[in-house]
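Just dropping this structure here.
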Amino acid sequence: MLFTSRTIKTLTAVALLAAVGFTTQAFAGEDDIKYRKATMKAVGGHMTAISTILKTDAGRPGDIALHANAMADLAKISAHVFPEGSSKMDGETEATMAIWEKPEDFKKVTMAFIAESEKLAQVAGSGDKAAIGAQLGALGKNACKACHDDFREKK
């Protein structure tokens, strides 16, 4: 069977498109993990900034509300940064398989993160450092620690 030049070009194009598709799929999980890590690093940065302002003379107290509002937004984003295909089987991550094996339990922790961070954003506008500190502690305990205890590899 002889192939025409046009047939060979068509088959080559199909093969290249298929290869690109498989390559894109192979890296999709790594890209999701990279995005998730950046989002969670931002959460940690805002937590640290708020804590630093509360405990030291660094920063400006008025900045707490900006950081708290950013955390509330990031909490909403966090509900979407653990898609299927972004587990340890798909790239380097500290997320445990329990996220995908126990989705309802993970959703509860995510919803707690959203609720506690929204409360922090509300309290942050008051300027009351004691109330802000108490809510930051509640966020850490009820959301961050709860998630890290059950859904993140131990360091």
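The values are calculated or read from the model by the stated rules, or taken from the named source; none is laboratory data. What you see is a predicted model; the values in this text were computed from it and never measured. Using ideal geometry, Cβ is built from the backbone for each residue, glycine included, and neighbour counts are taken over all protein chains shown.
In segment 71-98, how many residues are in contact with a Ser or Thr (Cβ under 8 Å, 6 or more places away or on another chain) and closer than 30 Å to I132 by Cα?
Result for segment 71-98: 9.
Among all residue pairs at least 6 apart or on different chains, which show Cβ distances below 8 Å where the first residue, located in segment 140-154, is farther than 17 Å from T96 by Cβ and the second is of a type outside the set (V, I, T) and part of a helix (DSSP H, G or I)?
G140/M47; N142/A112; N142/E116
So is P61 of a type outside the set (V, I, T) and closer than 24 Å to K154 by Cβ or not?
no
Does V81 satisfy the criteria of being at pLDDT 75 or above, assigned to a helix (DSSP H, G or I) and surrounded by 13 or more Cβ atoms within 10 Å (Cβ to Cβ)?
Here the answer is no, as V81 does not meet what is asked.
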